[in-house]
Amino acid sequence: MKRFVYMVLTAAVLLTLPLYVSANDILGEVDYLEGGVEVHRNGKLLSANEVDIGLQIEKFDLIKTTKNGYAEVSVNSSSSNGMVVKVRPDTAFYFDMEVKGGAAQSNFKLLSGSLSLKVSKLTGSGGVNVSTESAVMGVRGTEFTVTAAPEGSILVSCTEGKVAITDESGKSSIAEPGKAVEQDRDKQLKNISVSSSGLENFQKSWVEQKIQDFLPTALPVLRGYSRTYQDLYDKFIPAYNELMKNRKVFEKYAGQSSSSMGMGQAVIDRRAVSPGVIKMRSILPLFELYYYRISGVKEIMISGNVRQSMTGFNAADFFKTFDSHQSIFSASDMSSSGLQSPALLAIQRNRQVLEWKLAQARYFLKVFAAMSVGEDDGFSSGLDSFSSDDPFSF
């Protein structure tokens, strides 16, 4: 099968040493690519030469497709006899695999767009979860698609088997062939009858209808989103800066395992960076979701010719602030980033400043996992981004 790839390049590189990668860090590999596909790893955007069929996918890798992008990833999992993830256009997600109570758990964090998963029968007590802002899909051997509309609604449709959708209040609903489950913007679950033969067309028309329904209320909804986003941004930046102050500590573990550093030193280093890691874990998951949500809403409002102002709020002013977060480095960023000026300028020029910071924050969490002492999976501390004690883990 012929493979076409378009890549967006950047000169940004946080660290010169590769992160120590164990067998447990490899989650799968890319089977197929076409159109615009990006892979963000360890605080940088992989080059076009690196992103190709056969590329191994690691924990916390973020895969992002453009409007014409598409990717298929086969996932290695001891919890399943086989899993294939199809990444639809205009999608961003990352995933992780961990062991809890002796059971392997595959976790997919959908930030925007649509993912299709084909999961063979699970083994033992293992599981597969796909999480969004306010719902988690639990799977036990099935083929299904999770679609996130830009305004926040979720559609779960199934072509084989069953998927349990649980909202943040604990209420559940089942998706199965002929019956999809929708969670609307108000977080309400409801069943929708749908023909399996026309499922793909239904998914597309569902997104289009959600966008049309959203347009009349886009401005007041955006005002609410803007308040949440700004609150999270104001918390994210100090947490990010705290991690950056310990950049030298993280760098020590970029090219080697914690065992080579000695248990005593690893414990000291973990204690030094733990406060910043804990702060970031309480902020990053929800902040990323709102970043991608607002990016989608901005596109809807521009293309839909929606009015831009109401009493006490101006969308154009907010989008100007939102865009500035992608295009401006502060003085402290310049001094603490570890990058040379040309690389920083390239990030600013490509309007990737905030995405670069989000990628680095995710990378610091990954390095922290590698600093774990005496545990192969690196998540025994309960500080991974999908841990159940995380207030934003769904």
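Scanning the stretch 300-320 for residues that are assigned to a helix (DSSP H, G or I) and either crowded, with 17+ Cβ neighbours inside 10 Å or at pLDDT 90 or above (or both) yields 300, 301, 315, 316, 317, 318, 319, 320.
In summary, strands (runs of 3 or more DSSP E) completely within the stretch 113-230 and bearing 2 or more residues that are in contact with an Asp or Glu (Cβ under 9 Å, 6 or more places away or on another chain) and either among the polar types (S, T, N, Q) or at pLDDT below 90 (or both) occur at 135-139, 142-148, 154-160. The residues of the stretch 93-112 that are aliphatic (A, V, I, L, M) and modelled with pLDDT under 65, listed by number, are 99, 103.
The one condition from (1) in contact with an Asp or Glu (Cβ under 9 Å, 6 or more places away or on another chain); (2) at pLDDT below 90; (3) over 22 Å from residue 360 (Cβ atoms); (4) buried (at least 18 other Cβ atoms within 10 Å of the Cβ) that residue 30 does not meet is (2).
Screening residue 236 against (1) within 21 Å of the chain's Cα centre (by Cα); (2) within 26 Å of residue 130 (Cα to Cα); (3) surrounded by fewer than 20 Cβ atoms within 10 Å (Cβ to Cβ) leaves a single unmet condition, (3).
Selection over the stretch 35-91 of residues that are in contact (Cβ under 8 Å) with a residue 60 or more places away in the chain and on the phi > 0 side of the Ramachandran plot gives a count of 3. If the condition is being modelled with pLDDT of 85 or more and not in a strand (DSSP E or B), then the stretch 61-92 contributes 61, 66, 67, 68, 69, 88, 89, 90, 91. Residues that are farther than 20 Å from residue 138 by Cβ and in contact (Cβ under 8 Å) with a residue 40 or more places away in the chain within the stretch 159-203 comprise 199, 202, 203, listed in sequence order. Listed by first and then second residue, the pairs linking a residue in the stretch 269-290 that is outside the structural domain of residue 149 (by TED's automatic domain parsing) and part of a helix (DSSP H, G or I) to a residue that is of a type in the set (Asp, Glu) and modelled with pLDDT under 95, with Cβ atoms under 6 Å apart and 6 or more places separating them unless they lie on different chains, are 276/242; 281/390; 289/133.
In the list 53, 63, which residue meets the criterion of being crowded, with 19+ Cβ neighbours inside 10 Å and not basic (Lys, Arg)?
63
Let's see how each residue does on (1) assigned by TED's automatic domain parsing to the domain that holds residue 143; (2) touching a Gly at 6+ places or on another chain (Cβ under 8 Å):
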{"site": "173", "(1), (2)": "yes, no"}
{"site": "176", "(1), (2)": "yes, yes"}
{"site": "180", "(1), (2)": "yes, no"}
{"site": "193", "(1), (2)": "yes, yes"}
{"site": "202", "(1), (2)": "yes, no"}
{"site": "225", "(1), (2)": "no, no"}
{"site": "242", "(1), (2)": "no, yes"}
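So that you can scan it fast, the table gives a plain yes or no per residue for (1) among the basic types (Lys, Arg); (2) surrounded by 15 or more Cβ atoms within 10 Å (Cβ to Cβ); (3) within 30 Å of residue 304 (Cβ to Cβ):
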residue: 143; (1), (2), (3): no, yes, no
residue: 153; (1), (2), (3): no, yes, yes
residue: 169; (1), (2), (3): no, no, no
residue: 174; (1), (2), (3): no, no, no
residue: 188; (1), (2), (3): no, no, yes
residue: 198; (1), (2), (3): no, no, yes
residue: 203; (1), (2), (3): no, yes, yes
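Taking the criterion of being more than 21 Å from residue 254 (Cα to Cα) and either over 19 Å from the mean Cα position of the chain (by Cα) or not hydrophobic (A, V, I, L, M, F, W, C) (or both), the residues of the stretch 35-58 that qualify are 35, 36, 38, 48, 49, 52, 53, 54. Condition check: among the polar types (S, T, N, Q), without any contact (Cβ under 8 Å) to a residue 24 or more places away in the chain and either closer than 23 Å to residue 323 by Cα or in the same structural domain as residue 306 (by TED's automatic domain parsing) (or both). Does residue 217 satisfy that? Taking the combined requirement at face value, the residue satisfies it. Within this structure, residue 266 fails the test of being crowded, with 17+ Cβ neighbours inside 10 Å, of a type in the set (A, V, I, L, M) and not assigned by TED's automatic domain parsing to the domain that holds residue 308.
The values are calculated or read from the model by the stated rules, or taken from the named source; none is laboratory data. Computed from a predicted model, the values in this text were never measured in an experiment. Virtual Cβ from ideal backbone geometry, glycine too; neighbours counted across all protein chains shown.
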